[in-house]
C-alpha cells in the first residue's frame with residue numbers, strides 16, 4: 001500500500017519473519033508532460049522554413065539546428081505563439097511545484113536530426129527550466145534519456161535484482177508528435193543515436 005508521510009511517498013511493506021517498515025521517497029525529480037498536436041502541426045512548417053534558411057542554421061553539436069548562445073529564434077515573429085505558450089506552461093509548472101513567480105527570457109532553437117545523429121549527456125546551465133516540443137517523429141526517432149541526478153550514482157555500483165524507481169539510473173521518454181516536456185534545467189539528459197531521418201523538434205530554455 002502506498003501513502004504519504006512527512007512530504008514523501010510511503011510504501012508499507014510486510015515480509016515474513018521481518019519487521020513491518022515504511023519506505024519514504026524524498027527529493028523527487030519532476031518531469032512535465034502534455035500533448036498539443038494541433039500546435040505541433042502548426043509549428044512544423046514554420047520550423048522547416050527556418051531550418052531551410054542557411055543564415056539561421058548553426059549545426060551546433062554536429063547536427064542541423066539553429067542554436068546560438070543568445071535568445072536564438074525566439075525573437076522571430078513566427079515564434080511569438082510558441083513563446084507565449086511555453087512561458088504560460090512554465091509559470092503553471094513552477095507554481096504546481098511550489099515555486100514563486102519569475103520573469104522568463106526564452107531561448108528557442110529548432111533542430112532536425114537525421115540517422116545516426118545524437119546529442120551526448122548534458123544539462124542546460126544558466127536556465128531555470130528546459131524542454132522539448134516534438135514536431136515530427138518518424139519511426140525510429142530517438143527517445144530522450146534522463147539520468148538520476150544523485151551524484152553517488154556515478155561513484156557507487158550496487159547489485160540490482162530488479163528495476164524499480166530506486167534502482168534505475170536512467171529513464172527513457174519515447175515521444176510522439178505533439179508531446180511537450182519540461183524539466184528543471186540541472187537534470188542531465190541525452191539523445192541517443194537516431195535511427196531515422198527528419199526528427200524535428202523545438203527546444204527551449206527559460
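The tail of the calculated P(r) for the range 35-137, taken as Cα-Cα distances beyond 17 Å, holds 57 percent of the pairs.
Counting other beta carbons within 10 Å of each Cβ, put 82, 204, 93 in order, fewest first. The partial results should precede the final answer.
On the way: 82 24, 204 28, 93 19.
If I rank by nearby Cβ atoms, fewest first, I get 93, 82, 204.
Taken over the C-alpha atoms, the range 152-206 has Rg and Dmax values of 15.0, 39 angstrom.
Here is how the number arises for the chain: DSSP H runs of 4 or more residues each give -39500 (n - 2.57), the sum is divided by the residue count, and the result at 222 nm is -5500 deg cm²/dmol. For the range 156-174, backbone nitrogen atoms closer than 19 Å to the point 7 Å from residue 41 Cα along Cα-to-C-beta are found at no residue.
Among 173-186, 47-60, sorting by the average number of other beta carbon atoms lying within 10 angstrom of each residue, highest first, gives 173-186, 47-60.
If the viscosity is 0.692 mPa s and the temperature 37 °C, what Stokes-Einstein diffusion coefficient in µm²/s follows for the range 110-159 when Rh is the Kirkwood radius over Cα pairs?
Rounded, D is 232 µm²/s.
Mean projected area of the Cα convex hull of the chain, taken over all directions, amounts to 14.2 nm².
Measuring r between the beta carbons of residue 101 and residue 196 and using R0 = 35 Å, the FRET efficiency lands at 0.30. Relative contact order for the range 29-205: what is it in percent, counting Cα pairs under 8 Å that are at least 6 residues apart? It rounds to 35 percent for the range 29-205. For the range 16-127, the relative contact order is 26 percent, taking Cα pairs closer than 8 Å that sit 6 or more residues apart in sequence and dividing their mean separation by the residue count.
Coordinate-derived values only; no laboratory data. Note that the coordinates shown come from a computational prediction; the quantities given were computed from them, not determined experimentally. Methodologically, a virtual Cβ is constructed for each residue, glycine included, from the backbone with ideal geometry; neighbour enumeration extends over all protein chains shown.
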